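The values are calculated or read from the model by the stated rules, or taken from the named source; none is laboratory data. Being a predicted model, the structure only gives us computed values, none of them experimental. Note that we place each Cβ from the backbone using ideal geometry, even for glycine, and neighbour counts take in every protein chain shown. Only protein heavy atoms, including side chains, enter the accessible area calculation; ligands, DNA and RNA are left aside. Shrake-Rupley method; radii C 1.70, N 1.55, O 1.52, S 1.80 Å.
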Amino acid sequence: MASIYVRSCSPKLIEDCATQPRRLEPTPPVYVIEPVPQRFEALSNSERIKNSSLFHLFDNYVVGTEEGSAVLNLVDHAPELASLHNFSEEIFHSWPSRAKDWRFTGSKNVEKIRLDNFIDRYGISKVDYLRIDGCQGNNFDVLKSLGNKINMVQAGTCRSNWLTSIYDCP
């Protein structure tokens, strides 16, 4: 069993996953895919995470339906807005109070991986919990990338913005 978190930045959230009581087995390992440097640093600096063998942190992956190299666009002052996609024109009109946020300030080369291949690569036999949050225009691609392995997922959450199109993506 394992838990997989895709772009969940809060160390407390990740730590809580490892301390929740399980009915049948001990706490599973927790795999965290977080490519945004500021968020990865916060996770890496958490005493409970870095002193536990339960946590496996990955900063070089983004999850998508296709594999290969990709460029992750970064926003230094608003790391939660990092994305593989450009901002949509709609966002400039819908949210003018955050105009300074709608500009990328850097980028990072990352490896795009399908979640079903990640599961195979790391020998995960069952996913106890999957959390998809903050994948900035890619949340549903993360789900699609599970392919037939979606049946391995016992529980989870997928959060996404439905009201405003922030990113220019399909």
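Heavy-atom accessible area, probed at 1.4 angstrom with all protein chains present, ranks GLU80, GLU67 as GLU67, GLU80, highest first. First select every other residue whose beta carbon is under 11 angstrom from the beta carbon of ASP141; then total the charges, Lys and Arg +1, Asp and Glu -1. Net of charged neighbours comes to +2.
Each Lys and Arg contributes +1 and each Asp and Glu -1, all at the Cβ; summed about the Cα centre of segment 113-157, the dipole is approximately 80 debye. The heavy atoms of THR157 offer some 50 square angstrom of accessible surface to a 1.4 angstrom probe. Rolled with a 1.4 Å probe across the full set of protein chains, the surface gives ASP133 an accessible area near 30 Å². Taking every protein chain into account, the accessible area of segment 91-133 amounts to 54 square angstrom per residue (probe 1.4 Å). Summing charges over neighbours of ARG159, with a neighbour being any other residue whose Cβ is under 9 Å away from its Cβ, gives 0 when K and R count +1 and D and E count -1.
Computed from backbone phi, the HN-Hα couplings of segment 112-129 come to 8, 9, 7, 5, 5, 6, 4, 4, 5, 4, 9, x, 7, 8, 7, 9, 5, 8 Hz, rounded to whole numbers (Karplus: 6.51 cos²θ - 1.76 cosθ + 1.60, θ = phi - 60°; Gly and Pro given as x).
Heavy-atom accessible area with a 1.4 Å probe sorts HIS93, HIS85, HIS56, HIS77, largest first, into HIS93, HIS77, HIS56, HIS85. Rolling a 1.4 Å probe over the protein heavy atoms leaves LYS100 with an accessible area of roughly 140 Å². The phi-based Karplus calculation (6.51 cos²θ - 1.76 cosθ + 1.60; θ = phi - 60°) puts the 3J(HN,Hα) values of segment 38-49 at 5, 6, 4, 4, 4, 5, 4, 8, 5, 4, 5, 6 Hz, whole numbers, x for Gly and Pro. Taking the 1.4 Å solvent-accessible surface of segment 43-137 as the whole, the part contributed by carbon and sulfur is 45%.
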